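Okay, so here's the structure we're looking at.
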Amino acid sequence: MFHEPTILKRRVGWIEVICGGMFSGKTEELIRRARRAQIAGQRVVIVKPAIDKRYHEEMVVSHNQTRLPGIVASTADQIVLMTGNSEVVCIDEAQFFDNRLIDVCNSLANDGKRVIVAGLDMDYLGQPFEPMPNLLAVAEFVTKLHAICSESGHIANFSQRVVESEDRVLVGEKDAYEPRARHCFRPPSDIKRGRDPEPINSIDLQSPDAGEDFNSQG
């Protein structure tokens, strides 16, 4: 669990990076931190890339449907114009922005803003996904999240593409990707191996009669 640094009376900025593979909870963690800052009375702005329209045109939405209002930006430079007098700037799906995002985040932090960035640290080939590597290097705080492998149930660090495409940027959901552990990762693409999610508490319970039969034995 990430705990915010002590807030000083003097306005001091910094960069936090939340990274990991698909379905690891990056956007959910970004939203959690944004809400905590909002509850504290701080001015919060959440920015998302224009290319990401999976769940909503403007809302920032996690895979479990947690959501907050967002502002859409087509380029990293637009973010500076959108943040104004905000105190906390949250940027989701950072891997979809250009490399100018590094300078933009540094500029915002140097201006005294808390900058929270979430994004994939590796692409579908398991290679570093720019601009995330550089953001990880300049950030004061880094949080690495993991999913659960769809095939083995182990810790998943990779995003397995399960459709045929050689495009590095392919915006998709469970129809296009699965979380995979290292020993289950098969780039560039693989068949879908995971099961569809089941509702919580959807388990088979013994009937009362079966319990009575078992207790009556012996």
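The values are calculated or read from the model by the stated rules, or taken from the named source; none is laboratory data. Quick caveat, the model's predicted, so the values are computed rather than measured. Please note: Cβ atoms are built from the backbone with ideal geometry, for glycine as well, and neighbour counts cover all protein chains shown.
The residue of region 82-96 that is surrounded by the fewest Cβ atoms within 10 Å (Cβ to Cβ), among those that are in a strand (DSSP E or B) and out of contact with any Ser or Thr (no Cβ under 7 Å at 6 or more places or on another chain), is Val88. Tallying residues that are under 25 Å from Ile51 (Cβ atoms) and outside any strand (DSSP E or B) within region 168-187 yields 11. Looking at Glu151, Glu140, Glu164, just one residue is in contact with a strand residue (DSSP E or B) (Cβ under 6 Å, 6 or more places away or on another chain) and either surrounded by fewer than 16 Cβ atoms within 10 Å (Cβ to Cβ) or among the charged types (D, E, K, R) (or both), and that residue is Glu140.
Just to be sure before I move on: is Gln38 at pLDDT 90 or above, in a loop (DSSP other than H, G, I, E, B), of a type outside the set (Asp, Glu) and touching a strand residue (DSSP E or B) at 6+ places or on another chain (Cβ under 7 Å) in the structure I sent? Can you show your working first?
Numbers: at pLDDT 90 or above: yes; in a loop (DSSP other than H, G, I, E, B): no; of a type outside the set (Asp, Glu): yes; touching a strand residue (DSSP E or B) at 6+ places or on another chain (Cβ under 7 Å): yes.
No; evaluated as a whole, the condition is false for this residue.
Considering only region 97-113, I want to know if a residue exists there that is without any contact (Cβ under 8 Å) to a residue 40 or more places away in the chain, among the polar types (S, T, N, Q) and assigned to a loop (DSSP other than H, G, I, E, B). Working first, answer last.
Going through region 97-113, the residues without any contact (Cβ under 8 Å) to a residue 40 or more places away in the chain turn out to be 98-104, 107.
Pick out the ones that are also among the polar types (S, T, N, Q) and you get 99, 107.
Checking the rest, the ones that are also assigned to a loop (DSSP other than H, G, I, E, B) come to 99.
Checked region 97-113: at least one residue is without any contact (Cβ under 8 Å) to a residue 40 or more places away in the chain, among the polar types (S, T, N, Q) and assigned to a loop (DSSP other than H, G, I, E, B).
The single condition from (1) modelled with pLDDT under 95; (2) outside any loop (DSSP other than H, G, I, E, B); (3) surrounded by 16 or more Cβ atoms within 10 Å (Cβ to Cβ) that Met22 fails is (2). Would you check if there is a residue in region 160-167 being in contact with a helix residue (DSSP H, G or I) (Cβ under 6 Å, 6 or more places away or on another chain) and either free of Cβ contacts under 8 Å to residues at least 24 places away in the same chain or assigned to a loop (DSSP other than H, G, I, E, B) (or both)? Checked against the condition, which is being in contact with a helix residue (DSSP H, G or I) (Cβ under 6 Å, 6 or more places away or on another chain) and either free of Cβ contacts under 8 Å to residues at least 24 places away in the same chain or assigned to a loop (DSSP other than H, G, I, E, B) (or both), region 160-167 yields no hits at all.
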